Amino acid sequence: MIEIIQVINKRFNLFLSLCLIISMLLLSACADEVLSGNDNNNSILLVLSDNPANPFAGYLGEILNAEGFQGYHTADLDELTEVFLNDFHIVILTEMVVSNEQRIMLEDYVNNGGNLIGMRPDVSLYDLFGITGTGEDVSGGYIRIDTTSSVSAGLEDSTIKFHGSADTYTVSGSVITELYYDSTTASGFAAVALNEYGNGKTAVFSFNLGQSIVYMRQGDPERAKLPGMPISSDIAGSRLIDLMYVDSIDSFNDKTKINIQQADEKMRLLSRIIEYMSSMPLPRLWYFPDGADAVLIATGDSDMGGYDNINDLFNTVREFGGRASIYLYEGHGDYLGDISNIYLNNRTAPRRWISEGHELGIHFDNTASLSDLNPLPTEQRFLDWDTTQEVFEYDARFFHTFFPDAPPALSVRNHYVTWLMHDKEGNPEFAAQGILQYEHGFRMDYNAYHYSYPWQGGLGYQNGSGLPMRLATSFGEILDIYQSDTQLADEVWVSELFPVFKTLANQAIHEGKYAWLNTNLHPNRWQEFKPQAMQMFEYANVNSIPIWNGLDQYDFVSMRDRAAFSNVSWTGSTLSFSLDAQMHNFNDNTMGLTVMIPLMYDGLNLNILKKNGADIPYTIKSVKSIEYAFIVLEPCYYIFSAEYI
Ligand SMILES: [Zn+2]
């Protein structure tokens, strides 16, 4: 079994090497533009510290990536010097204890014009943040953003959940977000407050934003520890959603708020604070390709759909200019599944599908361990690491035996969207399935899925997010595999599939609920859902929503995360910066990476925008009430200047 994995890894590495060579050839035309800059920063510094109380400090970096501030620097608290700090005009302190010496250094930094954002800061820094502690803790609860403040105007104005603990303060500066005990009861304390100190500015979060985002996206890690829990009533196994919404009483992410992007809005609040504090307009990368408001990811769990349906689904998506991912179901090996079916019907088809840009993956089924053939009593049957790993290895071997020249899939969704709650050693771990999938070469997980008995979904975002972000373990280790929500399962919405897609797409376009929307179109039910699927694709085409597959999404997101702004400077009233976005993609797609810069800064308006010394046009887009200039690029290295008058 291990040999098979090594072979797969070798194939994957070979594939990556080939991609790198191809990308180097493709990019040789833009290599001339590369200039080496000494000042390799985008002027944001994230300060980390070995703090056992806060394993999720590093996840703030993922938040900065998601929000498009690529190229930020990180440093350990122990490495900080006053000279080093002065290179940055925004410093973000994760939750940590600081020494007296470090406190003085941070105070001097802000006093001299630096800007500091703190997550649940050390008590010794309270003066800097203009707060006085009350000694009370609020565990979990809600926050409410003040949308009458110019800093947070346009963001969500109803209460949204946060996870983890919040400290309580009285505030001498200004409160821009209030802490709530529950969805309707204000605490009178600040969740986020701004302050001015000397020549600089500070902002304090009373809760740990990194932890709050991880928990909202991945659910409650404590639930993974409950004996015999969490359990979905229809499969006797567990799903990711069991960590988020157990029942109507105990709802970790608050089902009634599912149509609000509760995680993303908190991240956007951080971005607004960064932009408000910054002593120059800051360049960012937009969430989606080509300045789009949404992308539709077309996927299908084959579930014995057979060659004809799979082929027709791929061809239909292609007619609308899209590409799909289909995960082939082979079952438990006691009958012929879809891998066998395709091989028997048209063994050359996979080569054609892949050459057309589609992705062919595997729909793993580890539920045999839960079946009635299992001699254990029902309550003792659970999904374990070893059984799941055997299924992964068996199916991967099967797939590659039949289709040896198919590249390994990067995206994945399991049959019944099962989710392991225990790691290799049998310890409770809410990211166990992510670890296993990462180890088997997967980089994009679609098991966050709006489906569970008796709850069948809900229009919106179960993980509070329309954005793909990496999974983190309960120890804060960030796994190089992204999670992206599947909101549009055919089996859940049935006759409402197209109307629900249309609503979510319209919310993305008109209400700033930007999202990667993922639809699961089962090939075994393709004839039933084809008319609605065609309506979705047509609507996507008309509204400039690209139709991509899992491979495309991973390509784009990983390219975007590896891009970096540097040499960001503000001279007179001209912003200049470099962007290194040379990472090329696997799937021969131009991708349309989009740079955004504020249209207005400090009473000045963007006048002339230059790329590599030449004037370039830009489009103007309002993002939740703030206007930005959008510039669409192909992967390369660029130098920009933006003159404001
Ligand atoms: Zn399935």
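Before moving on, here are some points about what is shown:
- Count of residues meeting criterion [over 29 Å from the mean Cα position of the chain (by Cα) and of a type in the set (Gly, Ala, Ser)] in segment 188-204: 3
- Within segment 589-645, being in a strand (DSSP E or B), touching a residue at least 40 places away in the same chain (Cβ under 8 Å) and polar (S, T, N, Q) holds for 594, 605, 619, 641.
- Scan of segment 524-556 for residues that are surrounded by fewer than 23 Cβ atoms within 10 Å (Cβ to Cβ) and of a type in the set (Val, Ile, Thr), ordered by number: 542, 547
- Evaluation of residue 576 against the conditions (1) under 30 Å from residue 354 (Cα atoms); (2) small (Gly, Ala, Ser); (3) away from the ligand (no atom under 16 Å from the Cβ) shows that the sole unmet condition is (1).
- Total residues in segment 283-310, condition part of a loop (DSSP other than H, G, I, E, B) and either under 18 Å from the mean Cα position of the chain (by Cα) or within 16 Å of the ligand (Cβ to nearest atom) (or both): 9
- Per the listing 533, 540, 642, the residue uniquely more than 23 Å from the chain's Cα centre (by Cα) and closer than 30 Å to residue 495 by Cβ is 533.
- Within segment 436-480, being over 15 Å from the mean Cα position of the chain (by Cα) and not in a loop (DSSP other than H, G, I, E, B) holds for 436, 437, 438, 439.
- Condition check for residue 637: aromatic (Phe, Trp, Tyr) and touching an Asp or Glu at 6+ places or on another chain (Cβ under 8 Å): yes
- In the set (1) buried (at least 24 other Cβ atoms within 10 Å of the Cβ); (2) more than 17 Å from residue 438 (Cα to Cα), residue 403 fails one condition alone, (1).
- Elements of type helices (runs of 4 or more DSSP H) in segment 32-121, at least 2 residues being among the hydrophobic types (A, V, I, L, M, F, W, C) and modelled with pLDDT of 95 or more: 59-66, 100-111
- Subset of segment 508-538 (residues that are touching a residue at least 40 places away in the same chain (Cβ under 8 Å), out of contact with any Phe, Trp or Tyr (no Cβ under 6 Å at 6 or more places or on another chain), away from the ligand (no atom under 16 Å from the Cβ) and of a type outside the set (D, E, K, R)): 509, 512, 515, 516, 517, 527, 533, 534
Table: residues versus (1) in contact with a strand residue (DSSP E or B) (Cβ under 8 Å, 6 or more places away or on another chain); (2) modelled with pLDDT under 95.
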residue: 178; (1), (2): yes, no
residue: 185; (1), (2): no, no
residue: 191; (1), (2): yes, no
residue: 199; (1), (2): no, no
residue: 206; (1), (2): yes, no
residue: 213; (1), (2): yes, no
residue: 221; (1), (2): yes, yes
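- Residue within segment 236-245 that is farther than 21 Å from residue 464 by Cα and buried (at least 21 other Cβ atoms within 10 Å of the Cβ) present: yes
- Filter result for residue 301 (in contact with a Ser or Thr (Cβ under 9 Å, 6 or more places away or on another chain) and of a type in the set (D, E, K, R)): no
- Listed conditions (1) at pLDDT 95 or above; (2) within 16 Å of the ligand (Cβ to nearest atom); (3) not aromatic (Phe, Trp, Tyr) are all met by residue 239, apart from (1).
- Subset of segment 138-163 that is in a strand (DSSP E or B), at pLDDT 95 or above and in contact with a Ser or Thr (Cβ under 6 Å, 6 or more places away or on another chain) - its residue that is nearest to residue 219 (Cα to Cα): 163
- Filter result for residue 484 (in contact with a helix residue (DSSP H, G or I) (Cβ under 8 Å, 6 or more places away or on another chain) and surrounded by fewer than 15 Cβ atoms within 10 Å (Cβ to Cβ)): no
- Scanning segment 311-342 for residues that are part of a loop (DSSP other than H, G, I, E, B) and either under 17 Å from residue 541 (Cβ atoms) or within 14 Å of the ligand (Cβ to nearest atom) (or both) returns 320, 321, 322, 323, 324, 329, 330, 331, 332, 337.
- Test: residue 475 is assigned by TED's automatic domain parsing to the domain that holds residue 493, more than 30 Å from residue 294 (Cβ to Cβ) and away from the ligand (no atom under 16 Å from the Cβ): yes
- Test: residue in segment 99-115 that is within 30 Å of residue 479 (Cα to Cα) and crowded, with 20+ Cβ neighbours inside 10 Å: no
- Pairing residues of segment 137-151 that are more than 13 Å from residue 190 (Cβ to Cβ) with residues that are aliphatic (A, V, I, L, M) and assigned to a loop (DSSP other than H, G, I, E, B), at Cβ distances under 7 Å and at least 6 apart in sequence or on separate chains, gives 147/153; 147/155.
- Pairs with Cβ under 6 Å, 6+ apart, first in segment 290-309 and closer than 15 Å to residue 529 by Cβ and of a type outside the set (Gly, Ala, Ser), second within 14 Å of the ligand (Cβ to nearest atom) and part of a loop (DSSP other than H, G, I, E, B): 301/363; 301/413; 301/522; 303/329; 303/522
The values are calculated or read from the model by the stated rules, or taken from the named source; none is laboratory data. Note that the structure is predicted; figures quoted are calculated from it, not measured. Here the Cβ is made from the backbone with ideal geometry for all residues, glycine too, and neighbour counts use every protein chain on show.
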